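Okay, handing you the structure first.
The values are calculated or read from the model by the stated rules, or taken from the named source; none is laboratory data. Given the structure is predicted, the values throughout are model-derived calculations rather than measurements. Counting neighbours? That spans all protein chains shown, and the Cβs are built from the backbone with ideal geometry, glycine included. What goes into the accessible areas is simple: the full protein's heavy atoms, side chains included, and nothing from ligands, DNA or RNA. Shrake-Rupley method; radii C 1.70, N 1.55, O 1.52, S 1.80 Å.
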Amino acid sequence: MAELNNTKLYFKYALRDLSRSYSKILSIIVTLFISLFILSSILTIEDSLETELNNNSKLLLGGDIEIDYNRVEGNLDLVNEIKEFSTVSQMVEFSTMISTTTKENNKTSFVRVKSVDENYPLYGKVVLEPENALDQLNQINNTIVVNENIFKNLNLKINETVKVQDKEFKVIGLVKSVPDIGGAFIFGDFALAGKKTLDTLNLKTLGSFLNYEYKAKFNDTLSSIEGAKKVEQIFKNEERAMIRYPENSAGGLRRIINNFSQFLSLVSISAMLIAGIGIANTLLSFINQKNSSIAIQKAIGIFSGNIKTIYYIQLAILLAIISVISYALSFILVPIVDEFISAGLGLNIKAEFSLVNYVKIFLVGLLVIVIFSIPTVNSIDQIKASSLFRNVFQNIQFRYTKFSAILSFILLILLISLFSFGSARPFYSLVYFASFVFCLIIFFLLSKVTVLLLKKYNSNFSISFKIAIKNITQTKSITPITIISLGLGITLLLTLAFVGTNFKREIAKSIPQIAPDYFFLGIQQNQKNEFEKTIFNSDQNSKTEVVPMVSAKLNKINGIDPNTYIDQTNDSHWVIENDRRVSWSETVPKGNPIVEGEWWDLKKPDKLQISLDSKVAKDFGVKLGDNFTLNIYGREIEGEIVNFRLVDYRDLSINFAMLINPQYANNIPHEYLATVKFDNIENFNETDFLNLFPSISIVKISDYLSKVMDVLNKVFIAIGIISTITIIIGLVVISSAILVQGKIKTFQNLVFKILGFSKKEIIFSSVIEFIVNFISIIFFSAIFSVIASKYVIEDIFQLQWEFDLVLFMNVSLSVGIVTLLLIILTNLKYLSPKVYPLIRNE
């Protein structure tokens with residue numbers, strides 16, 4: 001009972017003291033709120049998206065279950081068995097060309113088309129204009145509805161005629177969204193057509209990327225589990241079919257959301273850690289201001305442990321209030337995000353309270369507060385009751401004990417674990433934290449080295465310069481805080497800025513210069529010569545590359561199902577997801593040097609030999625001599641891996657993860673894939689080309705690069721905003737560090753005032769002090785950001801990295817000027833101290 005009463009007394013005193021002096025810890029409130037709000041927003045939006053995807057998993061899949069036959073038509077006898085207990089919708093996706101039919105409007109577009117039957121969609125609703133357009137697709141032959149982007153780019157009108165390959169189709173509607181999103185239907189151009197379209201068009205080429213799907217909606221009397229078991233039983237011996245369930249829907253979209261939210265979460269925790277530095281300094285300033293009050297408490301018999309408890313309770317109260325407000329306000333951002341999501345994907349996200357998310361936010365805030373407040377609250381031990389009798393102000397410093405250091409380290413590990421092992425890719429999170437801690441240690445050591453070197457430096461410069469050097473090297477200097485907080489913030493901002501500008505430069509300038517202008521898909525063997533002649537006639541100086549191509553599926557790795565060999569988190573899982581395009585070559589392809597093994601063994605022309613991308617080989621854990629079993633035209637063929645190639649994908653030329661030996665492959669029925677780089681692209685007319693080769697699909701690289709640029713611009717805007725907020729937190733940290741020096745600055749400026757120094761000279765010394773620190777900060781921030789951004793651009797994305805001097809100067813000068821102004825403004829309050837109260841030590 002006594003302990004309960006003591007707890008109530010502690011809480012009551014903490015609450016009363018906090019209500020009286022909350023303005024003195026305003027920077028703690030601001031930095032904690034900003035960092036928790038960022039984290040809350042990311043978690044809330046991610047959770048809302050995940051909830052929407054889970055709640056609409058059947059809608060996104062398009063049924064209770066999907067049977068995917070890839071390039072071949074399904075076994076209709078088996079499909080008819082499913083119809084006995086469900087409604088089945090058959091659809092076929094394929095890629096083709098749409099072109100306008102008038103000379104005045106001469107445009108083309110590479111499109112992913114979904115041919116649908118009368119039962120489509122089984123779940124959800126297709127949003128069209130006019131609303132009855134979907135019903136007409138299977139009632140009127142040769143009709144099509146296209147998405148808004150195609151409608152705009154081709155400058156179409158309702159009921160206008162377009163060509164799909166060499167057949168005329170009427171555009172009877174504009175499709176705004178479909179419920180079963182996936183693949184090109186997420187970001188690319190797409191259209192819907194009736195089921196008879198398959199009989200009208202030539203879709204047997206590899207360039208059509210045919211995909212047969214059968215989706216079922218179980219009868220109301222049958223549960224999803226029972227229905228799935230029945231389907232599995234029916235298709236148990238059908239090796240060609242792949243069964244997908246609602247939980248597997250929108251896999252690509254889920255990966256994008258998870259990866260992006262993981263990255264933003266890591267940036268937010270960086271802001272939290274920088275904010276922690278500010279919390280420590282502001283709290284130290286607060287305790288210094290309460291110096292006399294604490295001394296009185298000790299004089300009347302209150303122990304240091306009890307006083308510490310009161311301060312920890314105050315921090316807990318602050319955290320509880322701020323975490324609730326931050327989490328509640330994060331719901332405001334959900335409708336804003338929903339505006340972008342609903343327009344493109346047809347999803348409608350809603351903010352819902354999640355106890356798990358709130359607990360995570362509270363735990364993160366608690367861990368950061370405790371880690372950074374331990375050395376501050378421990379400083380209370382330095383305040384003695386005897387200082388009251390000597391009327392001496394005792395300025396306290398951070399204090400670590402062996403126990404508190406171990407505790408802080410354990411809590412830091414818990415914080416890192418909370419973010420790393422709950423993320424989509426724990427390894428990348430751990431690498432990020434390791435890099436962050438490494439940079440923090442380097443900047444801390446830099447602050448110590450700066451102080452050490454300046455202590456040994458003797459100059460004959462002006463008094464202001466000497467004062468600046470003295471301020472930097474004094475024991476209670478803000479140099480370590482300035483260098484650490486500003487250094488981490490600028491490093492993060494510069495790294496993201498370098499990554500963003502290099503991405504944009506590569507996509508906007510470098511890649512278009514080295515990449516081909518067009519990809520041509522589905523060139524048949526009897527069309528090859530005529531194709532090359534047509535391209536040559538369009539532009540005699542064009543550079544054309546034509547390679548053979550077949551479709552193959554990797555069925556086994558060393559006799560084992562690849563899906564049990566690696567999981568979906570593997571970077572090269574895409575190699576086994578569906579059929580892959582495979583080619584062959586007499587010589588080693590340009591830009592594909594062999595890193596291990598030998599080129600084809602000509603003594604074994606009847607033996608399938610495989611050349612594999614070295615990155616894929618590393619991810620799969622395979623070695624030379626291992627076996628891949630490929631399914632080519634329904635026949636399983638076992639081949640030996642004979643070499644690994646370093647494949648360079650960045651120039652967007654023709655590259656394959658797998659190549660096979662031409663001695664074996666030449667007898668396989670195949671078609672061709674080509675790229676063309678025109679010397680004068682204006683001489684090539686896409687519509688005229690399609691009139692000659694209606695079954696060949698054209699992919700214009702510039703169109704896709706512009707779409708990528710549009711997405712990247714939006715991504716980097718979001719990243720830039722969060723990075724800027726991180727810098728703002730760093731500035732608040734520096735401001736709080738200056739407040740810690742409050743009384744020291746006041747006494748110092750009093751001495752300067754008595755000696756006859758002007759305000760101008762004192763301010764000038766602050767400017768010099770900042771410039772000396774900022775030079776070292778920028779130097780090391782530049783080194784770290786260059787290393788990090790170069791690694792991301794060159795090693796992860798395999799693009800070319802360049803240093804952007806203009807960007808570097810703009811970011812450095814902007815942050816430097818803003819920080820300097822903040823320091824000057826914060827110091828202004830100490831420039832005119834009242835002389836007599838200080839002389840009397842009041």
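So is Thr221 more than 30 Å from Ile45 (Cα to Cα) and buried (at least 18 other Cβ atoms within 10 Å of the Cβ) or not?
Here the answer is no, as Thr221 does not meet what is asked.
For Leu822, state whether it is within 20 Å of Leu488 (Cβ to Cβ), modelled with pLDDT under 85 and surrounded by 12 or more Cβ atoms within 10 Å (Cβ to Cβ). First the steps, then the outcome.
Values: within 20 Å of Leu488 (Cβ to Cβ): yes; modelled with pLDDT under 85: yes; surrounded by 12 or more Cβ atoms within 10 Å (Cβ to Cβ): yes.
It is true that Leu822 is within 20 Å of Leu488 (Cβ to Cβ), modelled with pLDDT under 85 and surrounded by 12 or more Cβ atoms within 10 Å (Cβ to Cβ).
So, in region 665-700, exactly how many residues are open to solvent by 40 Å² or more (accessible area, probe 1.4 Å) and not aliphatic (A, V, I, L, M)?
Step one: of region 665-700, the residues open to solvent by 40 Å² or more (accessible area, probe 1.4 Å) are 666-667, 669, 677, 679-683, 685, 688, 691-692, 700.
After this cut, where a residue has to be not aliphatic (A, V, I, L, M) as well, the list is 666-667, 669, 677, 679-680, 682-683, 685, 688, 691, 700.
Total satisfying the criteria: 12.
Each row is one residue, and each column tells you yes or no for (1) surrounded by 16 or more Cβ atoms within 10 Å (Cβ to Cβ); (2) in contact with an Asp or Glu (Cβ under 8 Å, 6 or more places away or on another chain).
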| residue | (1), (2) |
| --- | --- |
| Phe33 | yes, no |
| Ser40 | yes, no |
| Ser57 | yes, yes |
| Leu76 | no, no |
| Thr101 | no, yes |
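Now, a different point. Answer yes if at least one residue in region 262-277 is of a type outside the set (A, V, I, L, M), open to solvent by less than 10 Å² (accessible area, probe 1.4 Å) and farther than 22 Å from Ile413 by Cβ, and no otherwise. Explain how you work it out, then say what you get.
Within region 262-277, the subset of a type outside the set (A, V, I, L, M) is 262-263, 265, 268, 270, 276.
Okay, now just the ones that are also open to solvent by less than 10 Å² (accessible area, probe 1.4 Å), so 268, 270, 276.
Within this subset, residues satisfying the condition of being farther than 22 Å from Ile413 by Cβ are none.
For region 262-277, residues of a type outside the set (A, V, I, L, M), open to solvent by less than 10 Å² (accessible area, probe 1.4 Å) and farther than 22 Å from Ile413 by Cβ: absent.
So which residues in region 595-622 are open to solvent by 60 Å² or more (accessible area, probe 1.4 Å) and either among the β-branched types (Val, Ile, Thr) or under 36 Å from the mean Cα position of the chain (by Cα) (or both)?
Correct list: Val595, Glu596, Lys615, Lys618.
I'd like to verify a number: residues in region 327-352 that are under 14 Å from Ile45 (Cβ atoms), at pLDDT 80 or above and in a helix (DSSP H, G or I), how many?
Counting residues in region 327-352 that are under 14 Å from Ile45 (Cβ atoms), at pLDDT 80 or above and in a helix (DSSP H, G or I) gives 6.
A quick yes/no check of all residues on (1) under 39 Å from the mean Cα position of the chain (by Cα); (2) at pLDDT below 90; (3) small (Gly, Ala, Ser); (4) more than 24 Å from Leu690 (Cα to Cα):
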{"site": "Ser86", "(1), (2), (3), (4)": "no, no, yes, yes"}
{"site": "Glu93", "(1), (2), (3), (4)": "yes, yes, no, no"}
{"site": "Arg112", "(1), (2), (3), (4)": "yes, yes, no, no"}
{"site": "Leu134", "(1), (2), (3), (4)": "yes, yes, no, yes"}
{"site": "Ile181", "(1), (2), (3), (4)": "yes, yes, no, yes"}
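A further question follows. Check Gln289 against each of (1) within 30 Å of Lys553 (Cα to Cα); (2) open to solvent by 10 Å² or more (accessible area, probe 1.4 Å) and name the one condition it does not meet.
So Gln289 meets the others, but not (1).
Of everything in region 593-647, what is closer than 14 Å to Ala665 by Cα and in contact with a helix residue (DSSP H, G or I) (Cβ under 6 Å, 6 or more places away or on another chain)? Give them in sequence order.
Of everything in region 593-647, those that are closer than 14 Å to Ala665 by Cα and in contact with a helix residue (DSSP H, G or I) (Cβ under 6 Å, 6 or more places away or on another chain) turn out to be Pro605, Leu608.
In region 158-179, what residues are in a loop (DSSP other than H, G, I, E, B) and either within 38 Å of the chain's Cα centre (by Cα) or under 20 Å from Leu201 (Cβ atoms) (or both)? Break it down into steps so the answer makes sense when it comes.
As a first pass, look at region 158-179 and keep what is in a loop (DSSP other than H, G, I, E, B): 158-160, 165-166, 178-179.
Once the filter is applied, which keeps residues that are in a loop (DSSP other than H, G, I, E, B) and either within 38 Å of the chain's Cα centre (by Cα) or under 20 Å from Leu201 (Cβ atoms) (or both), region 158-179 yields Glu160, Gln165, Asp166, Val178, Pro179.
Can you name the number of the only condition in (1) farther than 30 Å from Ala316 by Cα; (2) in contact with a Ser or Thr (Cβ under 9 Å, 6 or more places away or on another chain); (3) not charged (D, E, K, R) that Ile42 fails?
Going through (1) farther than 30 Å from Ala316 by Cα; (2) in contact with a Ser or Thr (Cβ under 9 Å, 6 or more places away or on another chain); (3) not charged (D, E, K, R) one by one, Ile42 breaks only (1).
Taking the conditions exactly as written (within 24 Å of Arg71 (Cβ to Cβ), assigned to a loop (DSSP other than H, G, I, E, B) and out of contact with any Cys (no Cβ under 8 Å at 6 or more places or on another chain)), does Ile654 satisfy them or not? Give the derivation first.
Values: within 24 Å of Arg71 (Cβ to Cβ): yes; assigned to a loop (DSSP other than H, G, I, E, B): yes; out of contact with any Cys (no Cβ under 8 Å at 6 or more places or on another chain): yes.
Considered against the rule, which asks whether it is within 24 Å of Arg71 (Cβ to Cβ), assigned to a loop (DSSP other than H, G, I, E, B) and out of contact with any Cys (no Cβ under 8 Å at 6 or more places or on another chain), Ile654 comes out as yes.
If you don't mind, there's one more thing I want to ask. Is one or more of the residues making up region 575-584 over 12 Å from Met658 (Cα atoms), in contact with a Pro (Cβ under 9 Å, 6 or more places away or on another chain) and of a type in the set (Asp, Glu)?
Within region 575-584, not a single residue is over 12 Å from Met658 (Cα atoms), in contact with a Pro (Cβ under 9 Å, 6 or more places away or on another chain) and of a type in the set (Asp, Glu).
Only one of these is open to solvent by 30 Å² or more (accessible area, probe 1.4 Å), touching a residue at least 24 places away in the same chain (Cβ under 8 Å) and under 30 Å from Ile632 (Cα atoms): Phe94, Phe110. Name it. Can you show your working first?
Values: Phe94 fails: open to solvent by 30 Å² or more (accessible area, probe 1.4 Å).
Unique residue meeting the criteria: Phe110.
Which residue pairs have Cβ atoms closer than 7 Å, lie 6 or more positions apart in sequence or on different chains, and pair a first residue in region 776-797 that is on the phi < 0 side of the Ramachandran plot and modelled with pLDDT of 85 or more with a second residue that is surrounded by 15 or more Cβ atoms within 10 Å (Cβ to Cβ) and not in a helix (DSSP H, G or I)?
Hits for this filter: Ser789/Trp801; Lys790/Trp801.
Ok, one more. Can you name the residue in region 59-74 that is in contact with an Asp or Glu (Cβ under 8 Å, 6 or more places away or on another chain) and surrounded by fewer than 21 Cβ atoms within 10 Å (Cβ to Cβ) and is also nearest to Ile576 (Cα to Cα) among such residues?
Asn70
Looking at Ser249, Ser292 in this structure, which one is touching a residue at least 60 places away in the same chain (Cβ under 8 Å) and closer than 19 Å to Tyr69 by Cα?
Numbers: Ser292 fails: closer than 19 Å to Tyr69 by Cα.
The match here is Ser249.
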